[in-house]
Amino acid sequence: MTIQRPKGTQDLLPGPISKWHHLEQIIRSVCREYGYEEIRTPIFEATELFQRGVGETTDIVNKEMYTFLDKADRSLTLRPEGTASVCRAYVEDKLYAQALPVKLYYIGPMFRYEKPQSGRYRQFHQFGVEVLGADKPVVDAEVISLVWDIYRRLGLKDLEVHVNSVGCPTCRAEHRRQLRDFLAPRLGELCRDCQERYDRNPLRILDCKNPGCQEVSRGAPTTADTLCGDCREHFEEVQEFLTAAGVIYRLDPRLVRGLDYYRRTAFEVMVEEIGAQSAICGGGRYDGLVEEIGGPPTPAIGFAMGLERVLAALELQRVLPESEHGPFAVLVALGKEAEKQGFALLSSLRQAGVPSGMDFLGRGLKAQLKQADRQGARLALILGDEELKWKVVILRDLTLGEQTEVPWPDILATVKGKYEEEKK
RNA sequence: GUGGAUGUGGUGAAGCGGUUAACACACCGGAUUGUGGCUCCGGCAUUCGAGGGUUCAAUCCCCUUCAUCCACCCCA
């Protein structure tokens, strides 16, 4: 067997890659409109960053990291997510010295050692945003609104934006107490995982998918029920701002995000039809993280969007534009001299912005035309001995099947004119 | 990590124990040595993911292994 790509990775080939360009282009322009600037951090980091930043109790850290030792025995890890790196850069590059808040975005590959399935890869791509240094509810709403706008611009339908507040450490402690009290009498009815969660992190029982556990936890106190005054007020204001921005959202008291660092606002965007992995975006507030990794106390909020999943949804909903590719005009040169003259013509076409090409394999007239047709070219510019003699080029329209002779001085303008007409 | 499905040419696929492995598309060549798309003709898998076993005989049965897909867990 020949060498194949590592499990859970993919080759993005020339045709389909235009979808990525489309997606990235919309992301970048919406970010520009919202005043977010791009940051690029390394694709690998000290392992400790993720252990501390993502959380020792998470699946990501416990079983999904690509960790290796380098030649000096440093433990490094391919980044499984973007937030920890951005916070590290915020601290290390002293971005807090700038006017706050700092509004950043990133796009790039992430790596998790998981078993691949539909919508899940070992190397996948995320777009994410982080706002550091602001704790006001408007910020939360702005970030969610940015996500909303990107999806709207892309033409995605049937989205569900779920919003919740998981509170601050104080209300979480209170919630935990109430939740345990509520569940205690029926502890025996929970699944094995949830029985463990009862001790470690009862919050997670709320989003267990096991029907039995859902039955038991029905009516349980939610995080939103036990918010302290400040958190409650924060959450209410977030909702008011979301409504003001025209974001259609749903309160989801069972929404609990997986990573350890979340505080207060948590949100997720789902699309049903892409398979079991229906979350295309998840995020929330993480006011303690920057301090956790050695920076100044800094409120922060962000999200990550899974680009493969967004593309899958775009594809299923057929809202991707047709890709532009292939030459508009193809030079069909017959003979050495024609090739030289033609190459000069090609060069001027390209400088004029007309995508154009020629044959490189010494094919005959017929084969060259066939090739031009296959590449989807609109025009063939035929140049042979006859045409050299009379200083003309045969300009053949491959879709109409009509052709005319055009004198050399007029060719560039004619072809360019047709190209611009077609582009309209 | 656990479970299920699948692996036949570039692609989609038939065959399911027995002499030459259907068919379609794609591709290459020709009909038409200066005109593509349509049509017609011809070519295109010593081989059925890999390794082992059963058998007189295996793409078809058994074992092992690898890969892909899907689901669980969890997440984007």
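Annotations for the structure displayed:
- Hey, residue A:78 away from RNA strand B (no atom under 12 Å from the Cβ) and under 23 Å from residue A:281 (Cβ atoms) or not: yes
- Which listed residue is without any contact (Cβ under 8 Å) to a residue 40 or more places away in the chain, more than 26 Å from residue A:286 (Cα to Cα) and more than 14 Å from the chain's Cα centre (by Cα), from A:44, A:50, A:68: A:68
- Top-ranked residue of the range A:159-218 - restricted to ones that are among the small types (Gly, Ala, Ser) and over 36 Å from the mean Cα position of the chain (by Cα), ranked as farthest from RNA strand B (Cβ to nearest atom): A:184
- Conditions (1) more than 23 Å from the chain's Cα centre (by Cα); (2) surrounded by fewer than 23 Cβ atoms within 10 Å (Cβ to Cβ); number of the one not met by residue A:222: (2)
- Filter result for the condition that a residue is surrounded by 13 or more Cβ atoms within 10 Å (Cβ to Cβ), touching a strand residue (DSSP E or B) at 6+ places or on another chain (Cβ under 8 Å) and under 17 Å from residue A:336 (Cα atoms), over A:383, A:395, A:388: A:383
- Wholly within the range A:192-292, helices (runs of 4 or more DSSP H) carrying at least 2 residues that are hydrophobic (A, V, I, L, M, F, W, C): A:211-217, A:229-244, A:289-292
- Candidates A:249, A:262, A:198, filtered to the one that is out of contact with any helix residue (DSSP H, G or I) (no Cβ under 8 Å at 6 or more places or on another chain) and of a type in the set (Phe, Trp, Tyr): A:262
- Residues of the range A:293-312 that turn out to be touching a residue at least 12 places away in the same chain (Cβ under 8 Å) and either part of a loop (DSSP other than H, G, I, E, B) or not assigned by TED's automatic domain parsing to the domain that holds residue A:80 (or both), as a count: 6
- Among the residues of the range A:313-334, at least one is more than 36 Å from the chain's Cα centre (by Cα), surrounded by fewer than 22 Cβ atoms within 10 Å (Cβ to Cβ) and of a type outside the set (Gly, Ala, Ser).
- So residue A:316, is it of a type in the set (A, V, I, L, M, F, W, C) and in contact with a His (Cβ under 7 Å, 6 or more places away or on another chain): no
- Matching option when the condition is within 16 Å of RNA strand B (Cβ to nearest atom), farther than 30 Å from residue A:318 by Cβ and in the same structural domain as residue A:243 (by TED's automatic domain parsing), among A:55, A:119, A:128: A:55
- Where residue A:292 falls short, out of the listed (1) away from RNA strand B (no atom under 16 Å from the Cβ); (2) buried (at least 23 other Cβ atoms within 10 Å of the Cβ): (2)
- Selection count where residues are among the charged types (D, E, K, R) and either within 23 Å of the chain's Cα centre (by Cα) or surrounded by 20 or more Cβ atoms within 10 Å (Cβ to Cβ) (or both), scope the range A:85-104: 2
- Among the residues of the range A:143-179, those that are aliphatic (A, V, I, L, M), part of a helix (DSSP H, G or I) and modelled with pLDDT under 95 comprise A:173, A:179.
- Yes/no for residue A:366 being under 41 Å from the mean Cα position of the chain (by Cα) and near RNA strand B (Cβ under 9 Å from one of its atoms): no
- Identity of the residue in the range A:266-284, more than 20 Å from residue A:84 (Cβ to Cβ) and near RNA strand B (Cβ under 7 Å from one of its atoms), that ends up nearest to the chain's Cα centre (by Cα): A:280
- Members of the range A:330-361 found to be part of a loop (DSSP other than H, G, I, E, B) and within 11 Å of RNA strand B (Cβ to nearest atom), listed by number: A:334, A:335, A:361
- Applying a threshold of 7 Å to beta carbon distances and a minimum spacing of six or more residues, or different chains, the list of pairs starting in the range A:358-371 at a residue that is closer than 14 Å to residue A:331 by Cβ and ending at one that is near RNA strand B (Cβ under 8 Å from one of its atoms) and modelled with pLDDT under 85 reads A:371/A:363.
The values are calculated or read from the model by the stated rules, or taken from the named source; none is laboratory data. Just so it is clear, the model here is predicted, and its values are computed rather than measured. Please note: Cβ atoms are built from the backbone with ideal geometry, for glycine as well, and neighbour counts cover all protein chains shown.
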